[in-house]
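Notes follow once the structure below has been shown.
The values are calculated or read from the model by the stated rules, or taken from the named source; none is laboratory data. Computed from a predicted model, the values in this text were never measured in an experiment. Heads up, the Cβs are rebuilt from the backbone with ideal geometry, glycines too, and the neighbour counts pull from every protein chain shown.
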Amino acid sequence: MGQTALSHARTRTTIFLSHVGAFLLVILAAYWLRTLTVPPDALLQGYLQVISSLLAFVFAAVTLVRFQGTQDRISLILGAGFFLCGGVLIAAGVLFFQFLPEASLGLSWAPVAWWLGRVILALLVVAALLVEHFMPRSRHPRREIAGALLAAVAVTYVLAAGVRRLPPGASLHPNAFFPSPQQLLPGVIFLVSLFWYRRRLTVEDSSFDRTMYAAVWLNVAAQFAAAQSARLMDAPFVFAQGLMVLGYTVALGGALLDNARLFERVRHMAVSDPLTGLANYRRLLDVLENETERTDRSGRPFAVLLLDLDALKTINDSYGHLVGSRAICRLADILRIHCRAIDTAARYGGDEFALVLPESQEDEAHRVVDRIRRVMANDDEPPRLSASIGIAVYRGDGERIEKLLSEADQQLYAEKARRVRRAPALTYPRRRAPGL
């Protein structure tokens, strides 16, 4: 236990020192960039703002889709925050492009608009972490989306009203170590959310959360770099904007990757049985339809096995339904592990299973049946399992899938009847009632 605690402490110390070192490196790089003479390029700044706003809008849409699927409130608030931040960045881009009649005045206000967007985003990231901590799941998605957007609009309006009184233009202290100390305010807020997000990663380690953590880190670095800006649109300011665009790109990439995995999980759940993880009846019919079409084209037959777990009711009565469910899963595991990669195992009904064997004749199907019986006989976990199995082969004669399954089902019950006549019914010890 002591070794584990010591290892965790060393890991946390290493992470902390690496973060401090990286932030110092960013600050020193931005400080060195102050020595470079870069002519102000409003067109470049405008394009960076537009790119950032487009990334923010796309990220907002992706996170709202994620919220609809997961009801994760942090996705809701971040989506609302990035949506409004994208609007502010569009406004800043308009100022940089000098579309206003008073071009010089608009250009001088552009860094203030950029700063406003950073403060809004930083506050909403912290708000998202707070709400997610106290209310992690949503109960009324549509109302909460509307409420989050209205709250973000209100925050934007209050901050915009406040910055109207600030003097626009270049830094008032161009020779100070931090010529633009106002840029440290969103940086400090982002830094608080960075430490908090680190704690969230111990619970939620998804692609979305890991890339959001990296994006927050890049936003902190961007603010530290922007604090080194001494003149309007100088090299540190361009460097800060580049870090911001990179942060948005990383966040969007993580959100898209996480949504892709969520959609894949939903697709898998739609075609798989929740208890056993095998294909469900819908997926079985799709596979059978594909195999019949392939056999009709190629002439190579395929086989279908139907399996019925013997004495499941007796197992449930003697051991309980949990053991009965475990028995179903044991048979499913046998089918999953001991069949080929091209075969499809499916749960056909309550205690019935199907196994589709592409390009297999009847003799190959019988070998599979023998292998399944042998594995079940060697399974020592109580209760001992057995199954009745029926075989049907499709040879391309155009018969319907229902007829193929009916043929296998008839063989299954014929075998079950023969086994019942040959041997007495399986008996298991009765459960004792609690307290007896």
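Inspection of region 416-430 finds no residue satisfying the criterion of being modelled with pLDDT of 90 or more and outside any helix (DSSP H, G or I).
Residue count for region 358-401 under the criterion of being over 22 Å from residue 419 (Cα atoms) and assigned to a loop (DSSP other than H, G, I, E, B): the result is 11.
Evaluate the following for residue 229: is it touching a residue at least 40 places away in the same chain (Cβ under 8 Å), in contact with a Lys or Arg (Cβ under 9 Å, 6 or more places away or on another chain) and closer than 30 Å to residue 283 by Cα?
no
With the requirement that a residue be touching a residue at least 40 places away in the same chain (Cβ under 8 Å) and of a type in the set (Ser, Thr, Tyr), what does region 255-295 give you? Listed by number, the residues that qualify are 276, 281, 292, 295.
Checking residue 306 against (1) among the aliphatic types (A, V, I, L, M); (2) over 17 Å from residue 393 (Cα atoms); (3) surrounded by 15 or more Cβ atoms within 10 Å (Cβ to Cβ), which test does it fail? Checking residue 306 against (1) among the aliphatic types (A, V, I, L, M); (2) over 17 Å from residue 393 (Cα atoms); (3) surrounded by 15 or more Cβ atoms within 10 Å (Cβ to Cβ), the one that fails is (2). Return yes when residue 382 is at negative phi and at pLDDT 90 or above and no when it is not. Considered against the rule, which asks whether it is at negative phi and at pLDDT 90 or above, residue 382 comes out as no. Considering only residues that are surrounded by fewer than 21 Cβ atoms within 10 Å (Cβ to Cβ) and either touching a Pro at 6+ places or on another chain (Cβ under 9 Å) or closer than 24 Å to residue 375 by Cα (or both), which ones fall in region 291-303? Listed by number, the residues that qualify are 294, 295, 300. State whether the residues of region 384-407 include one that is over 33 Å from the mean Cα position of the chain (by Cα), buried (at least 19 other Cβ atoms within 10 Å of the Cβ) and closer than 18 Å to residue 276 by Cα. Yes, that holds for at least one residue. Between 216, 203, the distinction of being within 28 Å of the chain's Cα centre (by Cα) and surrounded by fewer than 22 Cβ atoms within 10 Å (Cβ to Cβ) belongs to 203 only.
When you scan region 276-286, do you find a residue that is among the β-branched types (Val, Ile, Thr), closer than 21 Å to residue 333 by Cα and under 24 Å from the mean Cα position of the chain (by Cα), even just one?
Taking every residue of region 276-286 in turn, at least one turns out to be among the β-branched types (Val, Ile, Thr), closer than 21 Å to residue 333 by Cα and under 24 Å from the mean Cα position of the chain (by Cα).
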